[in-house]
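Reading through the structure tokens given below for one structure.
The values are calculated or read from the model by the stated rules, or taken from the named source; none is laboratory data. This is a predicted model, so every value here is computed, not measured. Cβ atoms come from the backbone with ideal geometry, glycine included; neighbour counts cover every protein chain shown. What goes into the accessible areas is simple: the full protein's heavy atoms, side chains included, and nothing from ligands, DNA or RNA. Shrake-Rupley method; radii C 1.70, N 1.55, O 1.52, S 1.80 Å.
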Amino acid sequence: MAEERIKTYEEFYKYYLSEHQNKTSRLLHMIGTTIVLALVLTSIIHLNPYWLIFVPISGYGFAWVGHFFFEKNQPATFKYPLWSLKSDFKMYFDILSGKISLDSKNDHKI
């Protein structure tokens with residue numbers, strides 16, 4: 001029987017956070033996303049698109065290490081690529097703003 005697909009982004013984000021419970025995995029996502037933002041900014045400032053080559057490598061590289069070695073699950077990117085990308089940035093800014101924590105045990109209700 002086929003697995004039912006998630007229909008709303010709100011449902012997806014709850015699922016996304018449930019797949020990101022490990023503190024080290026969340027930290028690796030934060031590092032990767034910070035590098036992604038730095039690469040995009042560097043590319044814009046220097047008017048050099050060459051830096052954008054490294055965006056998927058750094059973004060996915062750190063995240064996938066977190067999933068495969070710490071979460072022990074498969075990244076949501078494989079089934080929900082756009083919602084997953086959006087959620088990575090949402091989780092990043094939710095952690096920076098204190099809405100959620102690197103330690104999922106300290107998360108507030110979303």
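Yes/no per residue for (1) farther than 16 Å from residue 100 by Cβ; (2) at pLDDT below 95; (3) in contact with a strand residue (DSSP E or B) (Cβ under 9 Å, 6 or more places away or on another chain):
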| residue | (1), (2), (3) |
| --- | --- |
| 3 | yes, yes, no |
| 8 | yes, no, no |
| 16 | no, no, no |
| 23 | no, no, no |
| 28 | no, no, no |
| 31 | yes, no, no |
| 40 | yes, no, no |
| 45 | yes, no, no |
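Pairing each residue of segment 99-110 that is modelled with pLDDT of 85 or more with any residue that is open to solvent by 50 Å² or more (accessible area, probe 1.4 Å) and not polar (S, T, N, Q), provided the two are 6+ apart or on different chains, yields C-beta distances under 6 Å for 102/23; 102/27; 103/23. Residues in segment 4-41 that are acidic (Asp, Glu) and exposed (fewer than 14 other Cβ atoms within 10 Å of the Cβ): 4, 10, 11. In a residue-by-residue description of segment 69-78, the property of being at pLDDT 95 or above and farther than 15 Å from residue 26 by Cα applies to no position.
Name the helices (runs of 4 or more DSSP H) wholly within segment 1-91 that hold at least 2 residues that are closer than 21 Å to residue 106 by Cα and in contact (Cβ under 8 Å) with a residue 24 or more places away in the chain? Write out each step before concluding.
Details: elements: 9-18, 23-45, 54-65.
Ranges flagged: 9-18, 23-45.
Selection of segment 90-101 for residues being surrounded by 13 or more Cβ atoms within 10 Å (Cβ to Cβ) and closer than 19 Å to residue 55 by Cβ yields 90, 91, 92.
Within segment 56-63, can one find any residue that is open to solvent by 80 Å² or more (accessible area, probe 1.4 Å) and either over 22 Å from residue 12 (Cβ atoms) or at pLDDT below 95 (or both)? First the steps, then the outcome.
Restricting attention to segment 56-63, the residues satisfying the condition of being open to solvent by 80 Å² or more (accessible area, probe 1.4 Å) are 57, 60.
Narrowing further to those that are either over 22 Å from residue 12 (Cβ atoms) or at pLDDT below 95 (or both): 57.
Yes, that holds for at least one residue.
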